[in-house]
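Q: Okay, here's the structure, questions in a sec.
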Amino acid sequence: MTNASNAPLLIESGSPSSSFLLFALPALALTSKDGLGLVQAVILLIFLRHLRPVSRSYLQHWGELSGVTLAFLFYFLVSWVRMLADHQPLRMLDGPARLLIGLSCIGVMYTLRPRIRYFWLGLCVTTLLAAAMAAWQVFSGAEERALGFTHHAVTFGDLALVSGLMAACGLAAFRDPRLQRVDWLPAAALLGGMLASVLSASRGGWLALPLVAIPLLTYGRRLYGWRLLRMCAVTLGLLALAFALPATGMAQRVGLVLHEAQQYFTAGDVSNSVGVRLELGRASLMMFADHPWLGVGRDNFDAALAALAAAGRLQPLPPMAYVNSQNDLLFCLSTGGLLDAGLLLMMYIAPLRYFIGELRRPDLGQHSLALAGVVLVAAFVGFGLTDVMFWLMMPKVFYVMMLCSLIGMCLAVRYSAPTPRRILITRTDNIGDVVLTLPLAGYLKQLYPQAEIVFLCRLYAAAVVAHCRHVDRVLTVEELGRDVAKSLRQTGCDTVLFTYPRRELAYAARRAGIGRRVGSTRRVYHWLTCNRLVNMTGPLGARLHEAQLSFKLLLPLGIDYVPPREDVWKLYGLTPSRHRDADAVLAGPGIKLILHPKSNGNGREWPLEHFTTLARLLGGDPQVRVLVTGSPAEGQLLAEQAPELLALPNVENLCGKLDLAGFTALIGGCDGLVASGTGPLHLAAALGRPVVGLFPPIKPIDPVRWAALGPRATNLAAEQGCGQCADPAQCSCMRAITPQHVLDVIRSWR
């Protein structure tokens, strides 16, 4: 058995929708025209919906978040004041507002705590799709330079490159067993980012590589050792090979850059790309020298450039589409002076300090995220040497959303979700389903021994739940009364797990103000009533037992654990009870074997003639007493449909003669039980009694989903379906299980 202390406890995981959003954040960046804007709008809506807890998270961690928050907040406030002072149009606030809104990613990621592996998958998919798109655009002749959907080759190349570099930081995530099959993705993404950058013919992006190499060689080597270094070395080797191949044109472009730079410095040539960039840089320094504090104005670069040219201080520039300095820092100095330049440095330095601080702390799982953050900042500093990353909308939104999402995830890793104090488990259907949910209560009691476990069930199942030592309080639907929300509020529960969905309970839990409400995505009303949604399908398509499925609801508690089938029974916690009526039956001599022929219509039943034959075969052993059990209604059916079974001399008809408490005590004291997939079967298995479960081999009622789980449980089913399983009246799968086969199992118990 895997003890609670050994279970892989992760950060609190949100719903599949929040995890998909985290996947989509990088994945839409380079593969959709409006992808980042759409994700930012969704995150803002989530921020507003969870405004109170998100705001609390900022206040709670203000000491750590103040630097980053104030950097982007000051940039917005200064932009607003300058817009008013310079009588600029409102559109000038669009970019600063997007940067400010990007701060919402911190609180949203911290509050929702999505599954971080989706972020790394999204980064890898982003870069590979970008590489595929770049290859198609260039090699098909659709574009001379790869643009993606950005319509700007430099932006596309830079963002693809930084996505690949960040993806390489996520090697640790692919140690997860669910991702081991695709552990090649980070290396492929790194190569893909390099390829997309090469095909975009963006030369300036390569200046970022020396800056990125510093954190990768220091912190990355500490995290991943030689694996990361080998991966980077292979990538650089392939780049060197590409540089050496004339067909790639890389060597020619580098040579052209050097030639154009030489022409500018020796002859003042500004007729080419490099010459123009250098002259724009010189012009920016002139503007800064003339207006050192506030610059010439954020919207006045063109006018100031024309004034310098008219004054003869610049060489005449060709009519090109350059409207900025082609350098982040120079553009800020020229248009905003030392004030804007200081704000730009704050937006680089503040997050860099935060991520380096995370790397210096003990690793609780945040180091790979922090390394990606350092790589992001370093790459943007490098990109800003030859481009204005905070002038175009797409790179600035990419920067702030990635940055703040990484910060939010780092916080979520370091600060675990609040420990539940009182957990409500709802299971208001049949007894068998209730029994199969008790292991969930047992596991929660191991994890949170100080927490109170409250189990909500129907009144007729309360006697069973009351014998579970892991449940502190049994609550019945009947005692909730008419005002269900008020009754739930009075329980004081802070967490509710809807293991069996009921619309009225879900709405009542929301009205009761239960803080953490966990439900399945399969119910539409859960999307309106639950603040945590869980996909109940098995990992990588595996089919889970009903008792295992309920463990999926623990994801929002930070628990990504499903016990193996062979360990589930150890968590039942049911103790045999004593009952006067049951004791009277069990007091007699012989081996007491229960046959429970009916299932209240909840499953495929073994033919009654097979039960009769089995009882007759058991009659050959005078020590065996056959006890036929069932409800009063089932007893009436047996009297009508199988009178010969009840008439056998070794059979005692107990149908309707015991209440649930007495029946539970009878099962706990018997020597074995035979039944189809029904409540008494699971109850007997949970109590450790020998059982034979009889099942058809068809989904979803086969043993894979509903087998009895116990130390002495045997489950029988035909090897394959009969071909007529859709019609219960025609299906012969249950008939294929012979009484002799069941008898052989019973004899093996001795």
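The values are calculated or read from the model by the stated rules, or taken from the named source; none is laboratory data. Just so it is clear, the structure is predicted and the values come from calculations on it, not from any experiment. Heads up, the Cβs are rebuilt from the backbone with ideal geometry, glycines too, and the neighbour counts pull from every protein chain shown. Quick note on the areas: whole protein, heavy atoms, side chains included, nothing else; ligands and nucleic acids left out. Shrake-Rupley method; radii C 1.70, N 1.55, O 1.52, S 1.80 Å.
Q: Could you sort Trp120, Trp527 by their accessible area in this structure, using a 1.4 Å probe and putting the largest first? Before the final figure, lay out each step's value.
A: Details: Trp120 5, Trp527 120 Å².
Heavy-atom accessible area, descending, gives Trp527, Trp120.
Q: Which aspartates and glutamates have a Cα lying under 14 Å from the Cα of Lys552, excluding residues fewer than 8 positions away in the same chain?
A: Straight-line reach from Lys552, under 14 Å: Glu12, Asp560.
Q: Using only the alpha-carbon atoms, how far is helix 301-310 inclined from the longest principal axis of the chain? Give it as 0 to 90 degrees, nearest 10.
A: Between the helix axis and the principal axis of the chain, the angle is about 10 degrees.
Q: Not counting ligands, DNA or RNA, and with a 1.4 Å probe, what is Met346's accessible surface area in Å² rounded to the nearest 10?
A: 70
Q: Let me ask something else. Test of understanding: express the Cα radius of gyration of the range 639-702 as a ratio to 2.2 N^0.38 Å, with N the residue count.
A: 1.26
Q: Please list, or write none, the aspartates and glutamates whose alpha carbon is within less than 14 Å of the alpha carbon of Lys657, excluding same-chain residues fewer than 8 places away.
A: Answer for Lys657, where 14 Å is the Cα cut-off: Asp581, Asp583, Glu634, listed by chain and number.
Q: Find, to one decimal place in angstroms, the Kirkwood hydrodynamic radius of the range 455-525, where the mean of 1/r is taken over every pair of different Cα atoms and then inverted. Present the calculation step by step, with values, prior to reporting the outcome.
A: Numbers: mean 1/r = 0.0783 Å⁻¹.
Answer for the range 455-525: a Kirkwood hydrodynamic radius of 12.8 Å.
Q: Counting just the Cα atoms, what span does the range 16-415 cover along each of its three principal axes? Round to the nearest Å and put the largest first.
A: Its Cα atoms span 65, 54, 37 Å along the three principal axes.
Q: Considering the Cα trace of the range 269-414, what is its radius of gyration and what is Dmax, both in angstroms?
A: Spelled out, the Cα radius of gyration and Dmax of the range 269-414 are 18.3, 60 Å.
Q: If you restrict to DSSP beta bridges whose two residues both lie in the chain, what percentage is antiparallel, to the nearest 5?
A: Percent antiparallel among DSSP bridges in the chain is about 5.
Q: Any idea how far the Cα center of the range 221-245 sits from the one of the range 615-662, in Å?
A: That distance is 75 Å.
Q: Only helical DSSP H runs with n ≥ 4 go in: add -39500 (n - 2.57) per run for the chain, normalise by residue count and round the 222 nm mean residue ellipticity to 500 deg cm²/dmol.
A: Result for the chain, helices only: -16500 deg cm²/dmol.
Q: If amide hydrogens are placed 1.01 Å from N in the peptide plane, which non-local residues have theirs closer than 5 Å to the one on Asn715?
A: Excluding prolines and chain starts, which carry no amide H, the hits are Gly693.
Q: Expressed as a whole number of Å, what is the distance separating the alpha-carbon centroids of the range 471-507 and the range 544-583?
A: Here the two parts' Cα centres lie 20 Å apart.
Q: Near Lys396, which aspartates and glutamates are there with a Cα under 18 Å away, not counting those fewer than 8 places off in the same chain?
A: Lys396 reaches Asp34, Asp94, Asp158, Asp299, Asp328, Asp340, Asp387.
Q: Compactness ratio of the chain: Cα Rg over 2.2 N^0.38 Å, N = residue count?
A: After normalising by residue count via 2.2 N^0.38 Å, the value is 1.26.
Q: Now, a different point. Residue by residue through the range 551-557, what is 3J(HN,Hα) from phi via Karplus (6.51 cos²θ - 1.76 cosθ + 1.60, θ = phi - 60°)? Round to whole Hz and write x for glycine and proline.
A: 5, 5, 6, 7, 3, x, 8
Q: Rounded, prolate or oblate: pick one for the range 431-483, where a ≥ b ≥ c are the square roots of the eigenvalues of its C-alpha gyration tensor, a/c under 1.5 means rounded, and failing that, prolate if a/b is larger than b/c, else oblate.
A: It is oblate, given that a/c is not under 1.5 and a/b is not larger than b/c.
Q: Further, regarding this structure: What is the angle, in °, between the Cα long axis of helix 608-618 and the longest principal axis of the Cα atoms in the chain? Nearest 10 is fine, range 0 to 90.
A: 60
Q: Can you give me the angle between helix 393-414 and the longest principal axis of the chain, using Cα atoms only, in degrees from 0 to 90, rounded to the nearest 10?
A: Between the helix axis and the principal axis of the chain, the angle is about 40 degrees.
Q: What longest region of the chain stays clear of GluC sites (Glu not before Pro) that DSSP places outside H, G, I, E and B and that have at most 12 other Cβ atoms within 10 Å?
A: Between exposed loop sites, the widest span is 145-718.
Q: For the range 422-571, give the magnitude of the charge dipole about the Cα centre (Cβ charges: +1 Lys/Arg, -1 Asp/Glu; no others), in debye to the nearest 20.
A: Roughly 420 debye, rounded to the nearest 20.
Q: Got a sec to turn the phi values of the range 621-628 into Karplus ³J(HN,Hα) couplings, 6.51 cos²θ - 1.76 cosθ + 1.60 with θ = phi - 60°, whole Hz, x for Gly and Pro?
A: For the range 621-628, the Karplus-derived couplings read 10, x, 7, 8, 9, 9, 10, 8 Hz, x marking Gly and Pro.
Q: Go through the range 479-588 and name the trypsin sites (Lys or Arg not before Pro) that are in a DSSP coil and have 14 or fewer other Cβ atoms within 10 Å of their Cβ.
A: Values: sites: Arg482, Lys486, Arg489, Arg502, Arg503, Arg510, Arg511, Arg516, Arg517, Arg522, Arg523, Arg532, Arg543, Lys552, Arg565, Lys570, Arg578, Arg580; in loops: Arg482, Arg502, Arg522, Arg523, Arg543, Arg578.
Sites meeting the loop and neighbour criteria: Arg482, Arg522, Arg543, Arg578.
Q: How big is the range 445-566 by Rg and Dmax over its Cα atoms, in Å?
A: 14.6, 43
Q: Moving on. Taking all protein chains together and a probe of 1.4 Å, list Phe72, Phe390 from the most accessible to the least accessible.
A: So the residues, ranked largest to smallest area, are Phe390, Phe72.
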